[in-house]
Amino acid sequence: MRHAKSDWSAGATDDIRRPLSGRGRKDSPAMGAWMKSSGLAPDYIISSPATRARQTIELVCNAAGCNPDIIHWDADLYLADLETLLDITRQSPEPANTVMLVGHNPGLETLLLYLADNDVQTPEDGKILPTATLAQLVAGENWHNLNAGTASLVNLVRPRNLPGNE
């Protein structure tokens, strides 16, 4: 999941401290509610510690009914490239069936395109992972074996496409 919309006018002195905007604070719980209604419950969440990512996953978890103890903050996820994202994901614990990354573009979009064994259609606006979008992939049984084309894109959910959140 990419973090929700951030507030560029909040006066944060550096990028990592930029908070969510009003839209981001609305979209995050809407995505959490969708996850809950869809039965999509992560076992293990790895999030960037950037303020906007932290606020996103806390709001998502609250709405989805996730235990916040499953969130693991990883500084390496902040603006991570493909290799870093793969390394982080491959280190997920064996018992975790559903792992969720919360981070930033362009890394997350690059990861999605790398892992997906099926065509990922680029929407008309050209944005595959706009803010607060969740890409649901199904991969093999072992997180350590993630490589190009080893997952299938099942769902790409944008908050603006959710009922009542247009």
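Bear in mind that the values in this text are calculations on the coordinates, not laboratory data. Model, not experiment: these values are computed from the prediction. When we count neighbours, we look across all protein chains shown, and the Cβ atoms used for this are built from the backbone with ideal geometry, even at glycine.
For this structure, a couple of remarks:
- For the pair Lys127 and Leu79, the difference between a 0.36 nm per residue extended length and the Cα-Cα distance amounts to 15.5 nm.
- R0 of 30 Å, Cβ-Cβ distance Tyr114-Asp15: FRET efficiency to nearest 0.05: 0.80
- For the chain, the share of DSSP beta bridges that are antiparallel, to the nearest 5, is 45%.
- Pairs of Cα atoms nearer than 8 Å and 6+ residues apart set the relative contact order; for the range 28-166 it is 24 percent.
- Report summary: the helix-based calculation at 222 nm, which adds -39500 (n - 2.57) for every DSSP H run with n ≥ 4 and divides by the residues of the chain, gives -9000 deg cm²/dmol.
- Rg over Rh [alpha-carbon atoms, Kirkwood Rh] for the range 76-166: 0.96
- Close amide H partners of Ser6, meaning residues 5 or more places away or on another chain with modelled amide H under 5 Å apart, are Ser21.
- Working note: Cα atoms of the range 15-161, range along each principal axis, descending, whole Å: 38, 37, 33.
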